[in-house]
Amino acid sequence: MICVKCRENKSEEDFGSEITRRRIGRRCKACQCTYNKVWAEKHKEENKARRKAYNQRNKERCVAKAVEWIKNNRERYRRNAYSARLKREYGITTGQYNEMLEEQEGKCAICYRTRKLVVDHCHKTRKVRSLVCRPCNLGLGAFEDNNELLLQATEYLGYWRARFDEEYATL
């Protein structure tokens, strides 16, 4: 069969099943795939509106189908959800996260302990800084990324540590 797009003579396996059944010379699978991608990009908004209308008309069916898929693909769903969250909230991919993790040797950038790490970012600029453990991240958040407050807290701890050390020395 000859593809009407690339004009190459190809075997029946190179064409979709519908086309080989009808024995009509249409596009081969490769050309049809390219055509589909171009068409989908060209009609993106139209397709989005069509899908949205369909989902609204068939809400119960769509929800049930999604729940069933999640139930059958729990691990894949978790990976996809985490990847989407990294991209949405921090603008990084899972690959970039894994690169950072490898650079830090799986350790927190602050306390150097090996724990589950989260993405630390500046709340004003939204730029990613590094990976830190949850306790360190909560500490940074509590001090609102304020260096002066962190220094005051360090002085405070130093003052009380010295007082306690004196007390322990006299016991």
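The values are calculated or read from the model by the stated rules, or taken from the named source; none is laboratory data. Please read these numbers as outputs of a predicted model, since none were measured by experiment. Neighbour counts are summed over all protein chains in view; Cβ atoms, including those assigned to glycine, are modelled from backbone coordinates with ideal geometry.
Laid out as a table, the results:
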item: Close pairs from the stretch 41-60: first in contact (Cβ under 8 Å) with a residue 24 or more places away in the chain, partner in a helix (DSSP H, G or I) and surrounded by 10 or more Cβ atoms within 10 Å (Cβ to Cβ), Cβ under 8 Å, at least 6 apart; result: none
item: Cross-chain or 6+ apart pairs with Cβ under 8 Å, the stretch 1-22 first and farther than 20 Å from ASN36 by Cα and hydrophobic (A, V, I, L, M, F, W, C), then surrounded by fewer than 12 Cβ atoms within 10 Å (Cβ to Cβ) and at pLDDT 85 or above; result: MET1/ASN9; MET1/SER11
item: Helices (runs of 4 or more DSSP H) wholly inside the stretch 75-171 containing at least 2 residues that are surrounded by 11 or more Cβ atoms within 10 Å (Cβ to Cβ) and at pLDDT below 95; result: 134-142, 147-170
item: Test: CYS62 is surrounded by 11 or more Cβ atoms within 10 Å (Cβ to Cβ) and in the same structural domain as LYS127 (by TED's automatic domain parsing); result: no
item: Any hit, the stretch 106-116, residues being out of contact with any strand residue (DSSP E or B) (no Cβ under 9 Å at 6 or more places or on another chain) and at negative phi; result: no
